[in-house]
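Reviewing the structure listed below.
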Amino acid sequence: MKRRILVLLIAFVLVESYGQTPTIKWQNCYGTQNTWNTGRGIVETENGYLIATGINDDVGAPNYHGGGDIWLIETDTLGNKIWESCYGGSESDGAYKLISRNDQYYILAATQSTDGDVQSNNNGGLDYWVIKLDSEREIIWEKCYGSPGNEAPRDMIVTPDGGVVVMGRIFNSGGDVSVLYGSNDVWMFKTDSLGNLEWEKTLGNQWNDNGVSIMLNSEG
């Protein structure tokens, strides 16, 4: 009986899947000639959409610092670009995730910079970089987190108290990282609503460990 029910359910799903063909309402391209412009996030705004990507060409994008910046592009509801700006410093900076909450925006990024928009203390190498923007896309606060070596951000969530929890990989201890177990570990940390570090936790063993994503459950 169980086998028959399973076959019927699969058949039903297939019929439903093939019965609805998506239709493209509009499409557009955003990028530069010499940059690998990888899309890192998109959220809906009151005017249309806000897209996070990267740029390392000095092609006139506002506030470009050099070395590779975070590039935010806002479009209307039909995909026409209506605003853009760059965030970063003179070294390499890149976005990993964009989150919208209560008309404010959070960007999970990585940075090697110590100038420009990166005014918080860089621990060395490639740090986690979290930026909070207001409704006008102006920086409310920005903070660097990590060790004297390189870090690799993976995911971020906004918590009910207005802070963030960030997860990624670490390869060194020191700085904000209290423990390293092996070649590379999973590292989590939480901030308060102003970006101040509340706690940090290393997860792993003596070999290679990697996290992919995090979510908020009923227990926080």
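The values are calculated or read from the model by the stated rules, or taken from the named source; none is laboratory data. If you're wondering where the values come from, they're calculated on a predicted model, not measured in any experiment. All Cβ positions, even for glycine, are placed from backbone atoms using ideal geometry, and neighbour counts span all protein chains on display. With ligands, DNA and RNA removed, areas are computed over all heavy atoms of the protein, side chains included. Shrake-Rupley method; radii C 1.70, N 1.55, O 1.52, S 1.80 Å.
Scanning segment 145-188 for residues that are of a type in the set (Val, Ile, Thr) and either under 21 Å from Ser120 (Cβ atoms) or out of contact with any strand residue (DSSP E or B) (no Cβ under 7 Å at 6 or more places or on another chain) (or both) gives Ile157, Val158, Thr159, Val164, Val165, Val166, Ile170, Val177. Scanning segment 137-162 for residues that are surrounded by fewer than 18 Cβ atoms within 10 Å (Cβ to Cβ), assigned to a loop (DSSP other than H, G, I, E, B) and not polar (S, T, N, Q) yields Arg137, Glu138, Pro148, Pro160, Asp161, Gly162.
Among Gln27, Gln20, which is at pLDDT 80 or above, over 27 Å from Ile99 (Cα atoms) and either among the acidic types (Asp, Glu) or in a loop (DSSP other than H, G, I, E, B) (or both)? Answer to the check: Gln20. In the set (1) assigned to a loop (DSSP other than H, G, I, E, B); (2) within 28 Å of Asp117 (Cβ to Cβ); (3) under 15 Å from the mean Cα position of the chain (by Cα), the condition left unmet by Val130 is number (1).
Please go through segment 184-220 and pick out each residue that is among the aromatic types (Phe, Trp, Tyr) and open to solvent by 70 Å² or more (accessible area, probe 1.4 Å). Trp199, Trp207 - these are the residues of segment 184-220 that are among the aromatic types (Phe, Trp, Tyr) and open to solvent by 70 Å² or more (accessible area, probe 1.4 Å).
Filtering segment 151-168 to residues that are over 14 Å from the mean Cα position of the chain (by Cα) and more than 16 Å from Trp141 (Cβ to Cβ) leaves only Pro160. Please indicate, with yes or no, whether at least one residue in segment 99-107 is among the acidic types (Asp, Glu) and at negative phi. No; the residues of segment 99-107 include none that is among the acidic types (Asp, Glu) and at negative phi.
Against the numbered list (1) hydroxyl-bearing (Ser, Thr, Tyr); (2) open to solvent by 10 Å² or more (accessible area, probe 1.4 Å); (3) part of a loop (DSSP other than H, G, I, E, B), Tyr49 comes up short only at (3). Suppose we filter segment 69-116 for residues that are open to solvent by less than 30 Å² (accessible area, probe 1.4 Å), closer than 18 Å to Trp141 by Cβ and either among the acidic types (Asp, Glu) or outside any strand (DSSP E or B) (or both); how many remain? Summing the residues that are open to solvent by less than 30 Å² (accessible area, probe 1.4 Å), closer than 18 Å to Trp141 by Cβ and either among the acidic types (Asp, Glu) or outside any strand (DSSP E or B) (or both) in segment 69-116 gives 4.
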